[in-house]
1. Among residues belonging to the range 112-123 that are within 13 Å of the chain's Cα centre (by Cα), in contact (Cβ under 8 Å) with a residue 60 or more places away in the chain and more than 10 Å from residue 53 (Cα to Cα), point out the one that is surrounded by the fewest Cβ atoms within 10 Å (Cβ to Cβ).
2. Give 53, 57, 109 a once-over and let me know the one that is under 19 Å from residue 18 (Cα atoms) and surrounded by fewer than 16 Cβ atoms within 10 Å (Cβ to Cβ).
3. Is there a residue being over 22 Å from residue 156 (Cβ atoms) and either out of contact with any helix residue (DSSP H, G or I) (no Cβ under 9 Å at 6 or more places or on another chain) or not assigned by TED's automatic domain parsing to the domain that holds residue 28 (or both) anywhere in the range 88-102?
4. I'd like to check something: does the range 165-186 contain any residue that is modelled with pLDDT under 90, under 19 Å from residue 100 (Cβ atoms) and part of a helix (DSSP H, G or I)?
5. Give me a count of the residues in the range 87-100 that are surrounded by fewer than 18 Cβ atoms within 10 Å (Cβ to Cβ), within 18 Å of residue 148 (Cβ to Cβ) and free of Cβ contacts under 8 Å to residues at least 60 places away in the same chain.
6. Taking the range 82-111 only, how many residues are part of a helix (DSSP H, G or I) and modelled with pLDDT under 90?
7. Just the residues that are exposed (fewer than 14 other Cβ atoms within 10 Å of the Cβ) and modelled with pLDDT under 90, please, taken from the range 142-164.
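The values are calculated or read from the model by the stated rules, or taken from the named source; none is laboratory data. Every value quoted in this text rests on a predicted model; they were computed, and no experiment measured them. Heads up, the Cβs are rebuilt from the backbone with ideal geometry, glycines too, and the neighbour counts pull from every protein chain shown.
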């Protein structure tokens, strides 16, 4: 168990100033660990880490490789890619839970960590739903409608989202007394799914 009531966040970025900035954003609410490359990240992670903020482009092991190894090692940790890399269709199969494009703000980073910690307490379907919506939103931001309509991976992604919605809605009905859960679902729906309608 960590000393911080908020949980433990591992910040991984080869830019030390970025790590210092994220630490300042978060350290009043969370226990912070730092790593400056992929190998350090893999050494720093254990079962006490709740959220990883992971840069995608780093010397040595890339963020994608680190993410794969975290999943292979069986850590049930929420991972947000925090990166300057514009999303491409390869993100569909990546095992992250959120995708933030740099530069990010204190408010966005804190909201992301808070949302991921909230998701960590709920059903696997909700976590997957959130992850899929993030991927779809990132692709919509970076790709034309034509590219999306012609890409099989994106079409499958949208199909998976639709399939999960029924089970998520029924779960929300069962858990209406959990205000944090319902608020999280509403936030996901407003910030991610709503963008696809616009």
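1. 120
2. 57
3. No, that holds for no residue.
4. Yes, the range 165-186 contains a residue that is modelled with pLDDT under 90, under 19 Å from residue 100 (Cβ atoms) and part of a helix (DSSP H, G or I).
5. Residues flagged as surrounded by fewer than 18 Cβ atoms within 10 Å (Cβ to Cβ), within 18 Å of residue 148 (Cβ to Cβ) and free of Cβ contacts under 8 Å to residues at least 60 places away in the same chain within the range 87-100 amount to 2.
6. Matching residues across the range 82-111 total 5.
7. Listed by number, the residues that qualify are 162, 163.
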